[in-house]
Amino acid sequence: MVNKVAYVAVLMCMVVAAPHAEAAITCGQVVSSLSPCIAYLKSSGGAVPAPCCNGVKSLNNAAKTTPDRQTACKCIKSAAGGISGINYGLASSLPAKCG
C-alpha cells in the first residue's frame, strides 16, 4: 500500500512539474527573420540574397519544437497573405537553396 501511494505521489509530481508545450517563438521573430526574403520572393528568381538565407537558417534554429514550428507556419501564412506578388514556388525552394 505504501509503495502504491509513493508511486502515485511521484507520478503526480512529474505531471505537475512537466513543461507545458507552448511556443517560444513569436510572429515578430518570424517576420524579422524572413523580411530580407521579400524582394527575392517578389522577383523572378536568381541567387538568394545572403541575408535571406541567414534569416531562414536563424528561423529554423529557433523553431525546434512542434509548437514553435506550428507558430512559425501560422505567422508565415498570415504575413504572406498581406504581401502581393509573392512567388510561392521560390518560397518553397528557400529551405533547399539555403541549406
Hz values of 3J(HN,Hα) by residue in segment 62-77 - Karplus curve (6.51, -1.76, 1.60), Gly and Pro given as x:
7, 9, 8, 8, 4, x, 5, 5, 5, 5, 4, 4, 4, 5, 5, 4
Determine the dipole magnitude for segment 23-98: charges of +1 sit on the beta-carbon of Lys and Arg, -1 on that of Asp and Glu, nothing else is charged, the reference point is the Cα centre, and the result goes in debye to the nearest 20.
80
Calculate one ³J(HN,Hα) per residue across segment 36-48 by plugging θ = phi - 60° into the Karplus curve 6.51 cos²θ - 1.76 cosθ + 1.60, and present them in order as whole Hz with x for glycine and proline.
x, 8, 4, 4, 4, 5, 9, 9, 9, x, x, 6, 6
From the gyration tensor of the Cα coordinates in segment 31-81, what semi-axes in whole Å does the equivalent ellipsoid have, largest first, with each one equal to sqrt(5λ)?
21, 13, 7
I'd like to check one number: the per residue accessible area of segment 23-98, probe 1.4 Å, reported in Å² as a whole number.
57
Coil-residue trypsin sites (Lys or Arg not before Pro) of segment 56-91, DSSP, other Cβ within 10 Å capped at 12
Lys64
Length-normalised contact order of segment 23-98 in % [C-alpha pairs under 8 Å, at least 6 apart]:
44
Just grab the label-to-label distance for Lys74 and Ala24, each label 7 Å out from Cα along the Cβ direction, in nm (one decimal).
1.9
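The values are calculated or read from the model by the stated rules, or taken from the named source; none is laboratory data. Quick caveat: nothing in here was measured; it's all calculated off a predicted structure. Cβ atoms come from the backbone with ideal geometry, glycine included; neighbour counts cover every protein chain shown. The accessibility values were calculated without ligands, DNA or RNA, using every heavy atom of the protein model including side chains. Shrake-Rupley method; radii C 1.70, N 1.55, O 1.52, S 1.80 Å.
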